[in-house]
Structure formats: structure tokens, C-alpha cells
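The values are calculated or read from the model by the stated rules, or taken from the named source; none is laboratory data. Worth saying up front: this structure is predicted, and the values here are computed from it rather than measured. Because the Cβ atoms are built from the backbone with ideal geometry, glycine has one as well, and the counts that use them run over all protein chains shown. SASA here: full protein model, heavy atoms, side chains in, ligands and nucleic acids out. Shrake-Rupley method; radii C 1.70, N 1.55, O 1.52, S 1.80 Å.
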Amino acid sequence: MPLGDSITDGHNAYPGGYRVALRQRLAAAGHAVDFVGSLANGPAELGSRHHEGHSGWRIDQLDAHIYAWLRHSVPHTVLLLIGTNDMNQNHDAVRAPTALARLIDHIQEARPACEVFVATIPPQSDPTQERRVRIYNAALPEVVAAKGRRVHLVDMYDALTTADLADGVHPNQSGHEKMARVWHGALGSVPAALRSAVPTPTGWVEC
């Protein structure tokens, strides 16, 4: 399950976002993966177009819906990238890591066997927002370390620069391709993430 905000969606900058190149990388490596979620977008070649990337949403807004989404989609693996709008909106930014920790708790409560990959959020062009991003990202290693062996930190921030942004916030196509490379490397480092413990009707791993 790709889970997050407009960066997961891809936004107008690149519909489908990192999911396009990630799906290509997974297929080339021999992994049959079905992206799941209540939303769908992206080019036809993406194939599995579903996700939970909600444009403009903050951590608390995802948290309000997470139980329902996980009951419906039953993912084996979650790719979580959230916090950009908390920083941009300055919505209780200081406590955003605590809100993220609570969201992870709820994911684990709903799906204890799920592998959860938590990404730092990408850089931003606005200096004020960028300062908030750096503070938020610096708190994530401690948040993730407290959640046990099925929660993994993914360093997305260092993979991109502001040159990879289409509008100062959202990655452009090359930025999303860099993100896909990082997600793919993170998934490959955790073999269980791409090996479903429960057989699905299609035989695919649900991400």
C-alpha cells in the first residue's frame, strides 16, 4: 500500500509518481506486486494503479481513516511517506513525529504482520518549510527504532535535491524515479516485504 499525500499520488507534476518506476523495477526483478488502496491514478503501463496518496493531507488525516483502509485492502507491505503538509501548513509541526508514531501504532494494531517502510520527506525550496522538514526528519530514526523489527526507516530526503522538484514541493519525473530507486532498495533489504505470508487469489504480494 503506497500511503501518504500528493507525493504518493504523483500530483500534476507526474501522475502515478514513484509508483511507475517502482513497479517497473519490481517486475524486472521478478516480483509480482499488486499496489492496493481506495484511490487510483497513473498511466496505463502502471497496471496496478491503486494507492492511498491523498493530496493535501496531513498525518492526522491519514490516521483518521487508516483502520478502514487496512480492513479493506489488507496489504502485506506499507510504503509510508507523510508529513510534508504538516510542515507546509505548520500544523502542530513540533508534535508531528508524535503523530507519526501514533499512526504507525495504528497500522501495527490493524496489521501486526505488515512490513512498514517509513520514509523521510523530501527537501523543499522554501527556506522556512525546509527548516521544518529537517527537524521533522531528524526525529524519524528514533520514532522508527521504537516500533520493532517490522518497521523500517527509508532515507528519501538525501536522495533528492530541490532540482528534482517541479514546483518547490512536488518531485518531477526524475525525482520520482530517484524515489523509486530508494523504495526498491529498501524493499530488497527486507526479503519478507516481497514475500506474502498469506496466499492471495492472484498469487501477488499486495503492497
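Worth pointing out:
- Beta carbons closer than 7 Å, at least 6 apart along the sequence or on distinct chains, pair a first residue in the stretch 1-26 that is in contact (Cβ under 8 Å) with a residue 60 or more places away in the chain with a second that is hydrophobic (A, V, I, L, M, F, W, C) and open to solvent by 30 Å² or more (accessible area, probe 1.4 Å) for Asp5/Trp57; Ala13/Ala166.
- Residues located in the stretch 10-33, provided they are among the β-branched types (Val, Ile, Thr) and either over 14 Å from Gly175 (Cα atoms) or modelled with pLDDT under 95 (or both): Val33
- Qualifying positions in the stretch 119-136 - surrounded by 21 or more Cβ atoms within 10 Å (Cβ to Cβ) and either at positive phi or β-branched (Val, Ile, Thr) (or both): Thr120, Ile121, Val133
- Residue among Ala113, Ala139 that alone is at negative phi and either part of a helix (DSSP H, G or I) or open to solvent by less than 20 Å² (accessible area, probe 1.4 Å) (or both): Ala139
- For the stretch 61-98, filtering for residues that are modelled with pLDDT of 95 or more, over 19 Å from Gln124 (Cβ atoms) and hydrophobic (A, V, I, L, M, F, W, C) leaves 8.
- Per the listing Lys178, Lys147, the residue uniquely closer than 25 Å to Ala68 by Cβ, surrounded by 15 or more Cβ atoms within 10 Å (Cβ to Cβ) and charged (D, E, K, R) is Lys147.
- Residues within the stretch 138-158 that are more than 19 Å from Ala180 (Cα to Cα) and of a type outside the set (A, V, I, L, M, F, W, C), tallied: 6
- Residue tally, condition of a type outside the set (A, V, I, L, M), open to solvent by less than 30 Å² (accessible area, probe 1.4 Å) and out of contact with any Gly (no Cβ under 9 Å at 6 or more places or on another chain), over the stretch 150-171: 1
- Residue within the stretch 157-168 that is part of a helix (DSSP H, G or I), of a type in the set (D, E, K, R), out of contact with any Pro (no Cβ under 8 Å at 6 or more places or on another chain) and free of Cβ contacts under 8 Å to residues at least 40 places away in the same chain present: yes
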